[in-house]
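Inspection log for the structure reproduced underneath, given as C-alpha cells.
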Amino acid sequence: MASMTDGYQALTDKEKQTLRLLLDGHDAKSMARHFGLSVHTINERLRDARRKLSASSSREAARLLREAEGAAPQSLGDKGFGDAEAAPAGQEGATTKPGPHRRAAWAIGGLAMISLAIAALALSAAPQHRPATAAHSASAPVAESSATKAARTWLALVDAQKWQESFAGTTRTFQTNNTYEMWRDASVGGRVPLGRVLSRRLLSEEEIPAPPAGNQLVRFQTDFANKAHATERLTLVQEGGSWKIVGYIIE
C-alpha cells in the first residue's frame, strides 16, 4: 500500500481544492456550484481522492489532507460522509501549518459529527480561491445583512481580546467540543500576533446548504498591523434566534 506521503503527492490540485471546500463546510452540491461543475464530477473527484489516500470516506480523506498539510487536531473520530450529503451545521474551517510558499492562516472551528479540539497557529495550503457565486460582492456596496453585522460584532470582541465574550458568541456545538481555555490559548497564539486591525472590508456573503437551516459564510478583507491583505472567513449559524460563530479562518 502506498504511503500517506505518496497518496498526498498523487492528489491533483483540483482534488485538494475539493477536499478543502469539504472542510470549509461545503457539500457536493455547493462545491459543484463553486466550480461550475456537475455533482457527478465532484463525486468523481472525491472518489479519486479517497482512492489515492486509501480513505474509507470523503471526510476521512479531507482529514488526511489536513494532516498531510500540517494540521494538529487533538481528537478526531471518523464519520461517514455521503457523496452529495449536506455538510453538518457545525462545520469547521480547515486548519493547517507552515509549508513552503504558503499563505499564513489561523482557524478555529467546532464540528458536530467529529470531536475536534482547536489548533492554534497555522499556515494554509489552500490556493487563493473565491466562491464563484457569492451573495454579495465588494465591488458594489450593499446593505449588510444581519449575519454580516453579527460577524463584525463578534470580530470586534476578538480584536479587543475579549475571549470570554467571543467564546460566548460561538455555537453550543463549538463550546461542547472546545473549552474556553482552549479557545483563549488558540486566540492568543493565532490572532494576537497579527496586531490591531487597520481596516476591514466586506468581500462576500454566501449561503452554504447545511441542516437544519443552512450556514452563512462571510468573508472580509482585513489589514492587520502585522499582516496586510488578509482574508477572514467566518461561518455562522442561527441558534437561539441569533447568529453564532461556528468557524473562523484568517488566511
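Per-structure values
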{"read-out": "Candidates 230, 186, 213 - the one that is modelled with pLDDT under 95 and more than 24 Å from residue 34 (Cβ to Cβ)", "value": "186"}
{"read-out": "Positions within segment 220-245 being open to solvent by less than 10 Å² (accessible area, probe 1.4 Å) and touching a helix residue (DSSP H, G or I) at 6+ places or on another chain (Cβ under 6 Å), in sequence order", "value": "224, 234, 236, 245"}
{"read-out": "So residue 237, is it under 20 Å from residue 33 (Cα atoms) and part of a strand (DSSP E or B)", "value": "no"}
{"read-out": "Number of the exception - residue 148 against (1) farther than 22 Å from residue 30 by Cα; (2) of a type in the set (Val, Ile, Thr); (3) open to solvent by less than 50 Å² (accessible area, probe 1.4 Å); (4) outside any strand (DSSP E or B)", "value": "(1)"}
{"read-out": "Among the residues listed as 11, 46, the single one being over 22 Å from residue 217 (Cβ atoms) and over 17 Å from the mean Cα position of the chain (by Cα)", "value": "11"}
{"read-out": "Test: residue 217 is under 15 Å from residue 234 (Cα atoms) and either open to solvent by 20 Å² or more (accessible area, probe 1.4 Å) or not in a helix (DSSP H, G or I) (or both)", "value": "yes"}
{"read-out": "Pairs with Cβ under 8 Å, 6+ apart, first in segment 49-69 and within 11 Å of residue 16 (Cβ to Cβ) and assigned to a helix (DSSP H, G or I), second open to solvent by 30 Å² or more (accessible area, probe 1.4 Å) and among the basic types (Lys, Arg)", "value": "61/50"}
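The values are calculated or read from the model by the stated rules, or taken from the named source; none is laboratory data. Keep in mind that what you see is a predicted model, and the values were worked out from it rather than measured. Please note: Cβ atoms are built from the backbone with ideal geometry, for glycine as well, and neighbour counts cover all protein chains shown. The protein model used for the area step is the full one, side chains on, heavy atoms only, and it has no ligands, DNA or RNA in it. Shrake-Rupley method; radii C 1.70, N 1.55, O 1.52, S 1.80 Å.
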